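Following: one structure in C-alpha coordinates, then a few remarks.
The values are calculated or read from the model by the stated rules, or taken from the named source; none is laboratory data. Keep in mind the model is a prediction, meaning the values are calculated, not measured. Methodologically, a virtual Cβ is constructed for each residue, glycine included, from the backbone with ideal geometry; neighbour enumeration extends over all protein chains shown.
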Amino acid sequence: MNEQAEEKFDDELPKEEPESAPDDELEAAQAKAEENWDRYVRTAAELENVRKRAARDVEKARKFALEGFGRELLGVVDSFEMGLAAAGNADADALREGSEATLKQLLTALERAGIEVVDPVGEPFDPELHEAISMQPSADMEPNSVLVAIQKGYTLNGRLLRAARVVVSTEPPSEASDDAE
(Lines give C-alpha, C1' and ligand atoms only; values in the text may rest on other atoms or scores of the structure.)
Protein backbone atom coordinates (compact mmCIF):
# COMPACT_ATOMS: atom_id res chain seq x y z
CA MET A 1 0.00 0.00 0.00
CA ASN A 2 1.16 3.39 -0.58
CA GLU A 3 1.68 5.90 2.08
CA GLN A 4 -1.34 7.99 1.29
CA ALA A 5 -3.65 5.01 1.43
CA GLU A 6 -2.24 4.01 4.82
CA GLU A 7 -2.88 7.49 6.19
CA LYS A 8 -6.39 7.45 4.85
CA PHE A 9 -6.97 4.00 6.37
CA ASP A 10 -5.63 5.21 9.72
CA ASP A 11 -7.98 8.20 9.64
CA GLU A 12 -10.96 5.90 9.17
CA LEU A 13 -10.15 3.77 12.18
CA PRO A 14 -11.79 4.87 15.39
CA LYS A 15 -9.43 6.50 17.74
CA GLU A 16 -9.19 4.87 21.08
CA GLU A 17 -10.53 6.89 23.98
CA PRO A 18 -9.89 6.15 27.58
CA GLU A 19 -12.36 3.55 28.92
CA SER A 20 -13.36 5.70 31.91
CA ALA A 21 -15.38 8.17 29.76
CA PRO A 22 -18.35 5.81 29.03
CA ASP A 23 -18.42 4.69 32.66
CA ASP A 24 -18.49 8.31 33.84
CA GLU A 25 -21.31 9.13 31.42
CA LEU A 26 -23.27 6.08 32.55
CA GLU A 27 -22.84 6.98 36.22
CA ALA A 28 -23.87 10.58 35.54
CA ALA A 29 -26.98 9.40 33.66
CA GLN A 30 -27.86 6.99 36.46
CA ALA A 31 -27.43 9.75 39.06
CA LYS A 32 -29.64 12.07 36.99
CA ALA A 33 -32.27 9.30 36.64
CA GLU A 34 -32.24 8.70 40.40
CA GLU A 35 -32.59 12.43 41.05
CA ASN A 36 -35.55 12.65 38.64
CA TRP A 37 -37.18 9.58 40.23
CA ASP A 38 -36.79 11.15 43.67
CA ARG A 39 -38.40 14.37 42.41
CA TYR A 40 -41.25 12.38 40.89
CA VAL A 41 -41.91 10.44 44.10
CA ARG A 42 -41.86 13.62 46.20
CA THR A 43 -44.17 15.43 43.77
CA ALA A 44 -46.60 12.49 43.70
CA ALA A 45 -46.65 12.40 47.52
CA GLU A 46 -47.20 16.17 47.69
CA LEU A 47 -50.05 15.93 45.16
CA GLU A 48 -51.70 13.17 47.20
CA ASN A 49 -51.42 15.32 50.35
CA VAL A 50 -53.02 18.26 48.53
CA ARG A 51 -55.90 16.02 47.38
CA LYS A 52 -56.49 14.71 50.90
CA ARG A 53 -56.37 18.23 52.38
CA ALA A 54 -58.83 19.51 49.75
CA ALA A 55 -61.20 16.62 50.47
CA ARG A 56 -61.04 17.36 54.22
CA ASP A 57 -61.69 21.06 53.57
CA VAL A 58 -64.69 20.30 51.36
CA GLU A 59 -66.12 17.90 53.95
CA LYS A 60 -65.61 20.45 56.72
CA ALA A 61 -67.24 23.21 54.64
CA ARG A 62 -70.20 20.96 53.87
CA LYS A 63 -70.54 19.91 57.50
CA PHE A 64 -70.39 23.40 59.01
CA ALA A 65 -71.84 25.50 56.16
CA LEU A 66 -74.94 26.41 58.15
CA GLU A 67 -73.14 27.24 61.39
CA GLY A 68 -73.63 31.01 61.13
CA PHE A 69 -77.24 30.65 60.03
CA GLY A 70 -77.88 28.27 62.92
CA ARG A 71 -76.54 30.83 65.40
CA GLU A 72 -78.86 33.46 63.93
CA LEU A 73 -81.86 31.15 64.30
CA LEU A 74 -81.03 30.38 67.93
CA GLY A 75 -81.91 33.98 68.80
CA VAL A 76 -85.27 33.56 67.08
CA VAL A 77 -85.92 30.33 69.01
CA ASP A 78 -85.07 32.12 72.27
CA SER A 79 -87.55 34.88 71.42
CA PHE A 80 -90.30 32.36 70.67
CA GLU A 81 -89.64 30.53 73.93
CA MET A 82 -89.73 33.76 75.96
CA GLY A 83 -92.97 34.76 74.20
CA LEU A 84 -94.59 31.43 74.97
CA ALA A 85 -93.48 31.61 78.61
CA ALA A 86 -94.98 35.09 78.95
CA ALA A 87 -98.15 34.26 77.00
CA GLY A 88 -100.12 33.23 80.08
CA ASN A 89 -99.95 36.70 81.65
CA ALA A 90 -99.81 38.89 78.52
CA ASP A 91 -102.58 40.71 76.72
CA ALA A 92 -103.19 40.40 72.97
CA ASP A 93 -101.32 43.61 72.10
CA ALA A 94 -98.18 42.48 73.95
CA LEU A 95 -98.31 39.08 72.23
CA ARG A 96 -98.70 40.75 68.85
CA GLU A 97 -95.73 43.08 69.49
CA GLY A 98 -93.61 40.13 70.60
CA SER A 99 -94.59 38.12 67.53
CA GLU A 100 -93.78 41.04 65.23
CA ALA A 101 -90.38 41.51 66.88
CA THR A 102 -89.64 37.78 66.53
CA LEU A 103 -90.69 37.82 62.86
CA LYS A 104 -88.43 40.82 62.23
CA GLN A 105 -85.56 38.96 63.92
CA LEU A 106 -86.23 35.88 61.74
CA LEU A 107 -86.34 37.93 58.53
CA THR A 108 -83.04 39.60 59.50
CA ALA A 109 -81.46 36.16 60.03
CA LEU A 110 -82.73 35.01 56.63
CA GLU A 111 -81.41 38.17 54.97
CA ARG A 112 -77.95 37.69 56.50
CA ALA A 113 -77.95 34.13 55.13
CA GLY A 114 -78.68 35.48 51.62
CA ILE A 115 -82.38 34.60 51.63
CA GLU A 116 -84.58 37.40 50.31
CA VAL A 117 -88.35 37.72 50.27
CA VAL A 118 -90.15 37.93 46.91
CA ASP A 119 -93.25 40.08 47.59
CA PRO A 120 -94.32 41.14 44.09
CA VAL A 121 -97.57 43.04 44.69
CA GLY A 122 -97.91 45.73 42.01
CA GLU A 123 -95.04 44.36 39.88
CA PRO A 124 -95.43 42.81 36.43
CA PHE A 125 -96.02 39.05 36.51
CA ASP A 126 -92.73 37.13 36.07
CA PRO A 127 -93.12 33.36 35.55
CA GLU A 128 -89.51 32.90 36.71
CA LEU A 129 -90.40 34.21 40.19
CA HIS A 130 -94.19 33.95 40.44
CA GLU A 131 -96.75 31.16 40.25
CA ALA A 132 -100.14 32.40 39.05
CA ILE A 133 -102.96 30.90 41.11
CA SER A 134 -105.77 32.82 39.42
CA MET A 135 -106.54 35.86 37.33
CA GLN A 136 -108.86 38.68 38.30
CA PRO A 137 -110.08 41.72 36.38
CA SER A 138 -108.87 45.02 37.78
CA ALA A 139 -109.42 48.61 36.75
CA ASP A 140 -106.73 49.85 39.17
CA MET A 141 -103.80 47.72 37.92
CA GLU A 142 -102.24 47.25 34.54
CA PRO A 143 -103.08 43.90 32.98
CA ASN A 144 -100.62 41.09 33.77
CA SER A 145 -99.57 42.68 37.08
CA VAL A 146 -99.59 41.01 40.48
CA LEU A 147 -102.74 42.01 42.40
CA VAL A 148 -102.29 39.90 45.54
CA ALA A 149 -99.55 37.64 46.87
CA ILE A 150 -101.22 34.60 48.41
CA GLN A 151 -97.85 33.28 49.57
CA LYS A 152 -94.52 35.12 49.44
CA GLY A 153 -91.63 33.64 47.52
CA TYR A 154 -87.97 33.42 48.53
CA THR A 155 -84.61 33.47 46.76
CA LEU A 156 -81.21 32.34 48.02
CA ASN A 157 -78.42 34.50 46.61
CA GLY A 158 -80.53 35.17 43.52
CA ARG A 159 -81.64 31.55 43.05
CA LEU A 160 -85.34 30.80 43.50
CA LEU A 161 -86.16 28.73 46.59
CA ARG A 162 -89.93 29.07 46.33
CA ALA A 163 -92.05 30.97 43.81
CA ALA A 164 -94.50 33.56 45.09
CA ARG A 165 -98.08 32.35 44.65
CA VAL A 166 -100.03 35.26 43.19
CA VAL A 167 -103.28 36.53 41.70
CA VAL A 168 -102.67 38.28 38.37
CA SER A 169 -104.69 41.20 37.02
CA THR A 170 -106.51 41.15 33.71
CA GLU A 171 -108.26 43.89 31.80
CA PRO A 172 -111.66 44.76 33.25
CA PRO A 173 -114.58 43.75 31.13
CA SER A 174 -115.37 46.44 28.60
CA GLU A 175 -118.62 48.38 28.91
CA ALA A 176 -119.55 47.37 25.36
CA SER A 177 -119.78 43.74 26.44
CA ASP A 178 -121.96 44.81 29.42
CA ASP A 179 -124.35 46.65 27.07
CA ALA A 180 -124.58 43.59 24.79
CA GLU A 181 -126.05 41.56 27.62
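Only one entry in 61, 101 is modelled with pLDDT of 85 or more and surrounded by 10 or more Cβ atoms within 10 Å (Cβ to Cβ), namely 101.
Results for (1) out of contact with any Phe, Trp or Tyr (no Cβ under 6 Å at 6 or more places or on another chain); (2) assigned to a loop (DSSP other than H, G, I, E, B); (3) exposed (fewer than 13 other Cβ atoms within 10 Å of the Cβ), shown as yes or no for each residue.
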position: 121; (1), (2), (3): yes, yes, no
position: 135; (1), (2), (3): yes, no, no
position: 139; (1), (2), (3): yes, yes, yes
position: 150; (1), (2), (3): yes, no, yes
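Quick one: in region 99-117, of everything that is within 20 Å of the chain's Cα centre (by Cα) and of a type in the set (A, V, I, L, M), which residue is farthest from residue 66 (Cα to Cα)?
117
Summed over region 100-158, the residues that are among the small types (Gly, Ala, Ser) and under 25 Å from residue 174 (Cβ atoms) give a count of 6.
Report whether or not residue 111 is of a type in the set (Asp, Glu), assigned to a helix (DSSP H, G or I) and under 19 Å from residue 153 (Cα atoms). Judged against the criteria, residue 111 is a match.
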